[in-house]
1. How charged is the neighbourhood of Leu105? Take every other residue with its Cβ under 11 Å from the Cβ of Leu105, and add Lys/Arg as +1 and Asp/Glu as -1.
2. Checking the cross-link filter: which lysines have an alpha carbon closer than 25 Å to that of Lys77, excluding same-chain neighbours under 8 positions apart?
3. Can you give the calculated 222 nm mean residue ellipticity of the chain, where each DSSP H run of n ≥ 4 adds -39,500 (n - 2.57) and the sum is split over every residue, rounded to the nearest 500 deg cm²/dmol?
4. Helix 92-105 versus the longest principal axis of the chain: what is the Cα-based angle in degrees, 0 to 90, to the nearest 10?
5. Determine, at each q value in 0.09, 0.11 (inverse angstroms), the log₁₀ of I(q)/I(0) that the Debye formula gives when each Cα of the chain is one equal point scatterer.
6. So how much slack lies between Gln34 and Arg119, counting 0.36 nm per residue of separation and subtracting their Cα-Cα distance, in nm?
7. List the aspartates and glutamates whose Cα lies under 12 Å from the Cα of Lys128, skipping any in the same chain that are fewer than 8 positions away.
8. May I ask you to sort Asp82, Asp112, Asp103 by Cβ crowding, counting other Cβ atoms within 10 Å and putting the fewest first?
Amino acid sequence: MIETMRAARGIGLAANQIGVSLRMITIEGGLDSQSPALVLVNPKIVERGQEELAEEGCLSLPGFYEMFKRAGQVMVKAITLDGKEFSVECGGLLARAFQHEIDHLNGLLLVDHLSPVKRQLFRKEYMKE
């Protein structure tokens, strides 16, 4: 998963994006730029802060970027690959990446967060390419 994420120049990837039926994600850089990528099983968001607006893209929808509201701070709990409990409270891009990848595990794409009008425009523009 890490190799696939890096080859696509992504900062996160959910297992189901590459056809693996596991509740597992990887997040580039982990907790800081010096950390290796995190690989987490059964991640869940247990606390959310106030929403913030920022641009977001997705490896599943190359070239599509849109402004989306997401919690600015989150607390995430998961299990590491070696079976240890993992918990982190984070903000900024890392918080957004966790929310984005967990959305994938729950069957949601960025377009599912669009208003009906924007979703229709997306279908017309993006699907014609």
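Read-outs: derived from the displayed coordinates by stated rules, not from any lab. Not measured: the values here are computed from a predicted model. Glycine gets a Cβ as well: all are built from the backbone with ideal geometry, and neighbour counts include every protein chain shown.
1. 0
2. Correct list for Lys77: Lys44, Lys69.
3. It comes out at -7000 deg cm²/dmol, rounded to the nearest 500.
4. Here the helix axis deviates by roughly 80 degrees.
5. Values returned for q = 0.09, 0.11 Å⁻¹ are -0.25, -0.38.
6. Gain in length upon complete extension: 26.8 nm.
7. none
8. With the sparsest Cβ surroundings first, the list reads Asp82, Asp112, Asp103.
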